[in-house]
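Student: Can you keep this structure in mind? I'll have questions shortly.
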Amino acid sequence: MSEATIDTAPKPGRHRRKWTFPSTYTILACVTLAVWLAAFVIPPGAYDTDAKGHPVAGSYHRLAAAQSFGTRIRDLFLAPVNGLYGIQDGKSGQVAPDVDGSLYGAAAVFLFVLAVGAFITVAFATGALDSGIGRLAYTLRNRSYLLIVGIMVVFAIAGTVEGFAEETLGFYALLVPLTLALGYDRMTAVGAIIAGAGIGVLCSTVNPFATGTASSAAGIAIGDGIVLRLAMLVVLTAVTVAYVVWYARRVKADPEKSWSGWQPGDRDVKADEHEPDPMTRRQVAVLWLVGLTFAFMIFSIIPWGTVINGPDAKPFGWELDWYFPELTALFLVGAIVVGLVGGLGEGKMSENVGKGFSDFVGAGFVIVLARGVTVIMNNTQITSTVLHALEGVVSGTSSAVFAVAVFLVNVPLAFLIPSTSGHATLAMPIMAPLADFAHVPRSLVVTGWQSASGWANLVTPTTAVVTGGIALAKVRYDRYVRFIVPLMAILFVLIGVFLAVAAWIG
């Protein structure tokens, strides 16, 4: 009896499937499921609150599991819905789509992204942005790194002054084509926007949403500790800009070293060697309208009264205090005005508004999924339990160790609470009194906290700034992580040195 032979040669038409990194949607779905499962292990808890709603140190207590298994299943099932238009009940604090209260979902940000998409798509349809980008790329063809430096410095200033974050989502449609035209890749635009604004928020000086909220909760003035924060802003911004410029020059010299990869047509967009044709009057007018719209957006969202006179100051009479609802309307009206000035006509304008919606809806849905994760954490009431566990880590340490420990323990909290004001309101009343026992100023706790929040939000997949930004730029999350982690490692060391030295000096 002869031995049978086994044919191990690959059959025609059969091949091993190559593993690819999952999409942002899949990553957020996995994060949602992981947080949902973790809530079965982490017990719910809460702190007593004072008249201002701040948690009282030492008042943590466990709560009876208020949610049945069926309710938890429902929360998981409705996470994307709650992430879009979930309402937070004013009494129980629970988020659901069918209760009375205030909007918790990301509907406002979602519509803002769609409105920006419509505005930019209409502007591109006029030909003005293509022509303007071509001329700017030609002008900067021999010193294009200055554009990256300028963008990052401006965004860092906006971040440190007023917490420029989600508002950056409106700039991707402008800056991605421009960086491509200058010979860089999509990651360069992502790095300039996220890291530029992010480092400003990390080193917030008078940002009312971060430093202002935290200082108020800690019982100190917003100006306390500003010298340290200014020093950090200068040094860390310089390091961040240098890192992004290094990467950009590396990619420009050798496109194969791009960490984002190249979309079809990306490398066909290059600055002309010969001066482009002059722009028409319509195109110049459209460019002015686009520039003024973005400038007005920045002006309208800055709380000038609190920035100039402190967190408790009244707003000036000319202050607009706009936010996403008004900004959405601004860009929708702007799309119509740009279309009319650009000579598109009603039919072509309507077509491009719809095209802008469809092109940007994917990025908007990513933001909705990320907000759904925070809804699950809110409804299961596990955040206070995590804070209580971390509170014990920083107690009873030396001043230098305490300062660094405050930074470290707030990193996981930043993942649970991407909102800087929400994170500050929860953590500061607990952390600030501990500074008195460690013999360090409370302002150092504020600086350590906001450094942790800003550092974590450079990569946290539950924040719209990251997930929405990379979706708009069409960059995969794993590739963005590869880009940002070396910079975060450098920043981690520098932040630790700043905090330890400041605690030692006292």
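Student: Quick one: in region 86-144, of everything that is polar (S, T, N, Q) and either in a helix (DSSP H, G or I) or modelled with pLDDT of 90 or more (or both), which residue is surrounded by the fewest Cβ atoms within 10 Å (Cβ to Cβ)?
Tutor: That would be SER102.
Student: Name the residue, out of MET428, MET488, that is surrounded by 24 or more Cβ atoms within 10 Å (Cβ to Cβ) and not hydroxyl-bearing (Ser, Thr, Tyr).
Tutor: MET428
Student: Keeping to region 1-48, report how many residues are loosely packed, with under 14 Cβ neighbours inside 10 Å, modelled with pLDDT of 85 or more and of a type in the set (S, T, N, Q).
Tutor: Of the residues in region 1-48, 1 are loosely packed, with under 14 Cβ neighbours inside 10 Å, modelled with pLDDT of 85 or more and of a type in the set (S, T, N, Q).
Student: Assess whether ALA335 counts as being free of Cβ contacts under 8 Å to residues at least 40 places away in the same chain and either out of contact with any Pro (no Cβ under 6 Å at 6 or more places or on another chain) or not in a helix (DSSP H, G or I) (or both).
Tutor: So ALA335 fails the test.
Student: Now for a separate question. Considering every residue within region 257-272, establish whether at least one is closer than 30 Å to LEU327 by Cβ, assigned to a helix (DSSP H, G or I), touching a residue at least 12 places away in the same chain (Cβ under 8 Å) and not charged (D, E, K, R).
Tutor: No, there is no match, as no residue in region 257-272 is closer than 30 Å to LEU327 by Cβ, assigned to a helix (DSSP H, G or I), touching a residue at least 12 places away in the same chain (Cβ under 8 Å) and not charged (D, E, K, R).
Student: Moving on to the next point. Listed residues THR447, THR463, THR425, THR397; which is under 17 Å from the mean Cα position of the chain (by Cα) and β-branched (Val, Ile, Thr)?
Tutor: Being under 17 Å from the mean Cα position of the chain (by Cα) and β-branched (Val, Ile, Thr) holds for just one of THR447, THR463, THR425, THR397, which is THR463.
Student: Going residue by residue through region 484-501, is there one that turns out to be within 14 Å of the chain's Cα centre (by Cα), farther than 18 Å from SER204 by Cβ and either modelled with pLDDT of 90 or more or not aromatic (Phe, Trp, Tyr) (or both)?
Tutor: So far as region 484-501 goes, yes, one or more of its residues are within 14 Å of the chain's Cα centre (by Cα), farther than 18 Å from SER204 by Cβ and either modelled with pLDDT of 90 or more or not aromatic (Phe, Trp, Tyr) (or both).
Student: Could you list all residues from region 389-401 that are of a type outside the set (S, T, N, Q) and at pLDDT below 85?
Tutor: The answer is ALA389, LEU390, GLU391, GLY392, VAL393, VAL394, GLY396, ALA400.
Student: Go through (1) under 30 Å from LEU111 (Cβ atoms); (2) assigned to a helix (DSSP H, G or I) and name the single condition VAL475 misses.
Tutor: So VAL475 meets the others, but not (2).
The values are calculated or read from the model by the stated rules, or taken from the named source; none is laboratory data. Quick caveat: nothing in here was measured; it's all calculated off a predicted structure. So basically every Cβ, Gly included, is an ideal-geometry build from the backbone, and we count neighbours across all protein chains shown.
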